[in-house]
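Every read-out reported here was derived from the displayed coordinates using simple, explicitly stated rules and does not represent laboratory data. Computed from a predicted model, the values in this text were never measured in an experiment. Glycine also receives a Cβ, built like all others from the backbone with ideal geometry; neighbour counts cover every protein chain displayed.
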C-alpha cells in the first residue's frame with residue numbers, strides 16, 4: 001500500500017468512527033495520532049460487522065455478507081477496501097489479534113434470529129464474543145507493561161464484558177421489540193419477571209420485579225468493571241486516559257440504570273454530549289499523576 005493509500009484508508013476509518021462511535025470517539029481522541037488512527041481502523045471494521053447484523057438485509061444475505069467478512073479476514077492484505085486496508089496496516093504496526101474479528105462475526109451470527117439466553121454462563125460467552133474481543137483488540141494498540149500479556153488480555157476481555165452488559169441493560173426494550181432477550185431466562189424466572197411491553201409501548205413492571213432484577217444485574221456488571229479496570233495501571237498515560245474515558249461513559253450510564261431502572265423502560269438512555277466531554281477530560285486529568293513510576297511505558 002502506498003503512503004497516499006494508507007492516508008486515505010485511515011481517513012475513511014476516522015470519519016466512520018467520528019460519525020458512528022457516539023461513545024468511544026471521546027476516548028479515542030485522547031490518544032496520540034498513530035494509536036488514534038489504529039483504533040479508528042479497528043472500530044470501523046467491528047462496526048461494519050455489527051451493521052450487517054443490525055441492518056435491513058434479508059437473513060440469507062446477512063449470512064452471505066458475514067461469510068464474506070470471514071473470507072476477507074483470511075486474506076486481509078489483499079482486500080481492496082479502505083477499512084480492511086487500514087486494519088491490515090494496523091496489524092503490521094501493532095500485534096493485532098485479527099482472529100478477534102472472527103469472534104465478533106460469531107456473536108453477530110447469534111443475533112440474526114430470535115435470541116434467548118438460558119443462563120449467566122451463556123450471557124458471558126456472548127459478551128465475550130461481541131465485546132471482550134473488542135477489548136483485546138484495543139489492548140493490542142494500547143500496549144501494556146508490568147504484567148503478563150495474557151493477564152492484561154484477560155482484564156481487557158473483562159472490561160469489554162462489563163460494557164456489553166451495560167448495553168444489554170440499556171437496550172432491554174429495544175432488543176425485546178426485535179425479538180432479542182439477552183437477560184438470562186433462569187434469572188428472569190427466579191425474579192418472577194415476565195418481559196413484555198404494556199399498551200403504551202413501555203416495559204411492563206406492575207410489581208416492580210423487573211426493577212429489582214435490573215438493580216441485581218447492574219450490580220453484577222459493576223463487578224465486571226472492577227475486574228476489567230485492573231488493566232488501567234498497566235497502560236501508558238494517554239492509553240490509560242482513553243481506556244478510562246471509553247469505559248467511564250458506559251460506567252456512568254450503568255450507575256444511572258442501577259439507581260433508576262425505570263429510566264430504560266420507555267427509551268434508550270444515554271449521556272449528553274457535555275457529560276461525555278466531562279468524563280473524557282476527567283480521564284485525561286486523572287492520568288496526569290499516579291501513573292508515573294510504572295516504567296516501560298510509551
(request) Please order 234, 149 by the number of other Cβ within 10 Å, starting at the fewest. (result) 149, 234
(request) Can you tell me the relative contact order of the chain? Whole percent, Cα pairs under 8 Å, sequence separation 6 or more. (result) 21 percent
(request) Give the shape of region 67-181 as rounded, prolate or oblate, defined through the alpha-carbon gyration tensor: a ≥ b ≥ c are the square roots of its eigenvalues, a/c under 1.5 means rounded, and otherwise the shape is prolate if a/b is larger than b/c and oblate if not. (result) oblate
(message) Quick check: Cα centre of region 1-71 to Cα centre of region 191-235, how many Å?
(response) 29 Å
(request) Averaging over all projection directions, find the projected area of the Cα convex hull of the chain and quote it in nm² with one decimal place. (result) 15.7 nm²
(request) For the chain, find the longest principal axis of its Cα atoms and tell me its angle to the long axis of helix 209-228, 0 to 90°, nearest 10. (result) 20 degrees
(message) I'd like to compare 11-23, 40-52, 187-199: which one has the highest average count of other Cβ atoms within 10 Å, and what's the full order after that?
(response) 40-52, 11-23, 187-199
(request) Would you work out if region 46-125 is rounded, prolate or oblate? Take a ≥ b ≥ c from the square roots of the eigenvalues of the alpha-carbon gyration tensor; rounded if a/c is under 1.5, else prolate when a/b is larger than b/c, oblate otherwise. (result) oblate
(request) Only helical DSSP H runs with n ≥ 4 go in: add -39500 (n - 2.57) per run for the chain, normalise by residue count and round the 222 nm mean residue ellipticity to 500 deg cm²/dmol. (result) -21000 deg cm²/dmol
(request) Note the angle between two axes, namely the Cα long axis of helix 133-142 and the longest principal axis of the Cα atoms of the chain, as a number of degrees from 0 to 90, rounded to the nearest 10. (result) 30 degrees
